[in-house]
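Engineer: Attaching a single structure in structure tokens format; questions to follow.
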Amino acid sequence: MKSLRVRAAVSVAALGLLAGCGGPSRDVVDASNVPRLRAHAADALNGRPHMVPPHGPHSAFTTFRTTGDDGNRVIRTRWHGRKSGYTGDIWAWLPPQYSQPKYAKSGFPVLIALPGAWGYPSNYWAEGTFELEERVAEWSQEGKTLPFILVMPVLNPRKTYYDGSDIPGQPKMGTWLTEDVSDFARANFRTYASRDGWAFMGSSSGGFAALKAVLKEPQKFKAAIVNGPDTAPDSPLWKGHPAEMLANDPRHLARQLAARGGPQVYLAFELGSKEDAVPDVKRFFSGYTDGARGPIHSTLYEIPDGVHSGHTYIQRMPESLHWISEQMLGPVPSV
């Protein structure tokens, strides 16, 4: 939890764990029991979903790393958020299907992946630590998950916690994540107009930001994978701003969404059994979501012997990605 990380007693080793460092050289992830997705993308909308072509301004990308054996790349650029006023790095990855001729006229779903720890100056989901890109390529080609475009921004402007929010007097990191980062994706890639093509994934402080983003902006984002999150804002920068803090509290947002009766959102929680956050996350899960009934649909994967680390969460990523993929739009081949 972020509240644990801001204590003076947090050690350098613990920070490394939260950042995804210091784990095994290659995580063992078994997706053999994950079924193929149902055919649902076109049927759900009775035809071809509305694709949004990239409209610019187009970014100048550099290669961050090459993934797998197919020559695919994680690319990086610097993006100025016109709505937040913040300028930061964004990494992106396109699935192999994106360049296939049969999908040349199709949109693709976007997964905005957020890191934990400080979330600055890098995003560890873009690195080879967890091989997220290689795994999404494999799982999507097996038909177990959708072929997501991965968009991986910095979470904070510097080593300070902003709760993924617009805290008065501070950089507008809520606007950066929910407005500017999605504007970046629309400027550069073929996406969908519908919220059915937009989701978040985040771990630790990034999990909090992902949870809050979907509950606060359900008209824009349909789903989130929420790994080992806090469930309440706790940045010290909220001091003196109780009303604004409440407006960014997932518990408050969940109550509001339930009172309105929608729109429907889908939250896949991942949690290591040895995490300090287990009681808090389970209270949120049972008290503020409605399981399979909605409007806040949820599932929880508690990972045996798991700790507060991306090396824990990647173990259940195929199940989580499959679960949100069932709720979202995938690419539609040309006839």
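The values are calculated or read from the model by the stated rules, or taken from the named source; none is laboratory data. As the structure is a prediction and not an experimental result, all values here were calculated from the model. Glycine gets a Cβ as well: all are built from the backbone with ideal geometry, and neighbour counts include every protein chain shown.
Engineer: Return the residue satisfying two criteria in turn: it lies in the range 61-76 and is assigned to a loop (DSSP other than H, G, I, E, B) and in contact (Cβ under 8 Å) with a residue 40 or more places away in the chain, and of such residues it is farthest from residue 131 (Cα to Cα).
Structural biologist: 70
Engineer: Mind listing whichever residues of the range 129-167 are β-branched (Val, Ile, Thr) and either more than 17 Å from residue 75 (Cα to Cα) or in a helix (DSSP H, G or I) (or both)?
Structural biologist: If the condition is that a residue be β-branched (Val, Ile, Thr) and either more than 17 Å from residue 75 (Cα to Cα) or in a helix (DSSP H, G or I) (or both), then 136, 145, 160, 167 are the ones that fit.
Engineer: Given the criteria modelled with pLDDT of 95 or more and part of a strand (DSSP E or B), does residue 200 qualify?
Structural biologist: Judged against the criteria, residue 200 is a match.
Engineer: Only one residue in 130, 184, 189 is within 19 Å of residue 227 (Cβ to Cβ), in contact (Cβ under 8 Å) with a residue 12 or more places away in the chain and hydrophobic (A, V, I, L, M, F, W, C), so which one is that?
Structural biologist: Details: 184 fails: within 19 Å of residue 227 (Cβ to Cβ); 189 fails: within 19 Å of residue 227 (Cβ to Cβ).
Just one listed residue meets the conditions, 130.
Engineer: Considering only residues that are outside any helix (DSSP H, G or I), within 23 Å of residue 118 (Cβ to Cβ), touching a residue at least 12 places away in the same chain (Cβ under 8 Å) and not small (Gly, Ala, Ser), which ones fall in the range 205-250?
Structural biologist: The answer is 225, 226, 227, 229, 230, 231, 233, 234, 241, 248, 249.
Engineer: Give the residues of the range 44-98 that are closer than 19 Å to residue 176 by Cα, basic (Lys, Arg) and surrounded by 15 or more Cβ atoms within 10 Å (Cβ to Cβ), sorted by residue number.
Structural biologist: Across the range 44-98, the qualifying residue is only 76.
Engineer: Still on this structure, I have one more. Of the numbered conditions (1) surrounded by fewer than 20 Cβ atoms within 10 Å (Cβ to Cβ); (2) in contact with a Gly (Cβ under 7 Å, 6 or more places away or on another chain); (3) within 15 Å of residue 318 (Cβ to Cβ), residue 141 fails exactly one; give the number of that condition.
Structural biologist: (2)
Engineer: Across the range 289-335, what is the total count of residues that are out of contact with any Pro (no Cβ under 9 Å at 6 or more places or on another chain), among the polar types (S, T, N, Q), in a helix (DSSP H, G or I) and within 19 Å of residue 199 (Cα to Cα)?
Structural biologist: Within the range 289-335, residues that are out of contact with any Pro (no Cβ under 9 Å at 6 or more places or on another chain), among the polar types (S, T, N, Q), in a helix (DSSP H, G or I) and within 19 Å of residue 199 (Cα to Cα) number 1.
Engineer: A further question on this structure: Using the structure shown, decide if residue 228 is of a type in the set (Gly, Ala, Ser), on the phi > 0 side of the Ramachandran plot, modelled with pLDDT of 95 or more and surrounded by fewer than 24 Cβ atoms within 10 Å (Cβ to Cβ).
Structural biologist: In short, no.
Engineer: Restrict the check to the range 99-108 and report whether at least one residue is surrounded by 24 or more Cβ atoms within 10 Å (Cβ to Cβ) and not in a loop (DSSP other than H, G, I, E, B).
Structural biologist: No, because not a single residue in the range 99-108 is surrounded by 24 or more Cβ atoms within 10 Å (Cβ to Cβ) and not in a loop (DSSP other than H, G, I, E, B).
Engineer: Next question, about the same structure. Mind checking which pairs have a first residue in the range 93-118 that is modelled with pLDDT under 95 and a second that is part of a strand (DSSP E or B) and among the aromatic types (Phe, Trp, Tyr), Cβ under 6 Å, 6 or more apart or different chains?
Structural biologist: Close Cβ pairs satisfying both conditions: none exist.
Engineer: Separate question: Tally time: how many residues in the range 265-298 are at pLDDT below 95, surrounded by fewer than 19 Cβ atoms within 10 Å (Cβ to Cβ) and polar (S, T, N, Q)?
Structural biologist: Here the count works out to 1.
Engineer: Return a yes/no flag: does the range 10-30 have any residue that is assigned to a strand (DSSP E or B), of a type in the set (A, V, I, L, M, F, W, C) and at pLDDT 80 or above.
Structural biologist: No; the residues of the range 10-30 include none that is assigned to a strand (DSSP E or B), of a type in the set (A, V, I, L, M, F, W, C) and at pLDDT 80 or above.
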